[in-house]
1. Tally Lys/Arg at +1 and Asp/Glu at -1 over every other residue whose Cβ is under 11 Å from the Cβ of ARG114; what's the total?
2. With N residues in the chain, what two-decimal value do you get for its Cα radius of gyration over 2.2 N^0.38 Å?
3. Roll a 1.4 angstrom probe over the protein heavy atoms and tell me the percent of accessible area of the chain that is carbon or sulfur.
4. Sum up the charges of everything whose Cβ sits under 11 Å from the Cβ of GLN66, counting Lys and Arg as +1 and Asp and Glu as -1, but leave GLN66 out.
5. Considering all alpha-carbon pairs of segment 1-117, what whole percent are spaced by more than 20 angstrom?
6. Packing-wise, with mean Cβ within 10 Å as the measure, how do 47-57, 98-108, 239-249 rank, highest first?
7. Taking K and R as +1 and D and E as -1, what net charge do the other residues with C-beta under 15 Å from the C-beta of GLY208 add up to?
8. Among the complete DSSP H segments of the chain, which ones combine at least 15 Å of alpha-carbon extent along their axis with a mean Kyte-Doolittle hydropathy of -0.5 or more?
Amino acid sequence: MQLHAPEGLPEITASSNLGTLITDHIDINSNDIVCVASTVVSKAEDRTCSLNDFPPGPRAIELTAQLAEETANDPDERFIQAVLEESVEILLESPFLLTETRFGHVGVNAGIDRSNVGHEELLLLPKHPSKSANRIAESLSTDQVIVTDTCGRPFRHGQRGVAIGWSGIEPSRDWRGETDRDGRELTATVENVIDELAAAANLLAGEGNNGTPVVVIRDFEWGPHAESSAHFREINDDLIRQAVRGWTYG
Ligand code: GDP
Ligand code: MN
Ligand code: MN
């Protein structure tokens, strides 16, 4: 398996056609998996907003005051309002906002970014990253596209790339029913391949001013395993989230 990050991609704007820009910079084969950082997908979909687009309502004002009181942070009420508008559920209110986005991804601040955009600006995640992946794929000679973001994880320090949207590819491969080296049957292992590919792509894309938001994965072999379409957990199948729902800070 090889990963390639084409250089020379321009600053992406709302008038950019990402699919065409990608094919202008790298040849895509039909088996390639093209990983695109959500930052540039958002820029191309005009998800850049000004803080002033989010006049804070009572809930945002209340949450901002709580965050200021309970943490060393001094959040902007307009930013908190944007997070609320992007979310369907707030899982944690403090010491930071952890929410579920409208498309099922759980992340800090609904994945809203303030890096690689101007100072009074916000970059919202794509509205529906899997639809974005599908749209990008229309201009490519492969169907396989993953939209990535850099996210923190519970229990571990640091952040890494995850898949927040995908098209032309199943998220996981299901090892259940296969055997280990001692002939014991695997009963639980469903390997989330799109997250693993997103993490690899993110490693090459970098986090700063590298200017390499696209990573093409070539010659990845899925192997003979059955695939599984599940990615984001449903609440009734998510014990950790159920526990977090009942938890309060301090
Ligand atoms: P995220 O992980 O999706 O939140 O995106 P990051 O902000 O970490 O950026 C990922 C990569 O894309 C980095 O290499 C950035 O330098 C690059 N990048 C971000 N915006 C642009 C852009 O408009 N044009 C180009 N060429 N690269 C960009
Ligand atoms: Mn991001
Ligand atoms: Mn990143």
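1. -4
2. Ratio of Rg to 2.2 N^0.38 Å for the chain: 1.08.
3. About 46 percent, which is the carbon plus sulfur part of the accessible surface.
4. Result for the neighbourhood of GLN66: -3.
5. The answer is 53 percent, as a whole percent.
6. Working: 47-57: 15.6, 98-108: 19.6, 239-249: 10.8.
Per-residue Cβ counts within 10 Å, averaged per peptide and sorted highest first, yield 98-108, 47-57, 239-249.
7. Around GLY208, the charge tally is -3.
8. In the chain, the long hydrophobic H runs are 58-70, 193-205.
The values are calculated or read from the model by the stated rules, or taken from the named source; none is laboratory data. Being a predicted model, the structure only gives us computed values, none of them experimental. Every residue, glycine as well, gets a Cβ built from its backbone with ideal geometry; the counts of neighbours run over all protein chains shown. The accessibility values were calculated without ligands, DNA or RNA, using every heavy atom of the protein model including side chains. Shrake-Rupley method; radii C 1.70, N 1.55, O 1.52, S 1.80 Å.
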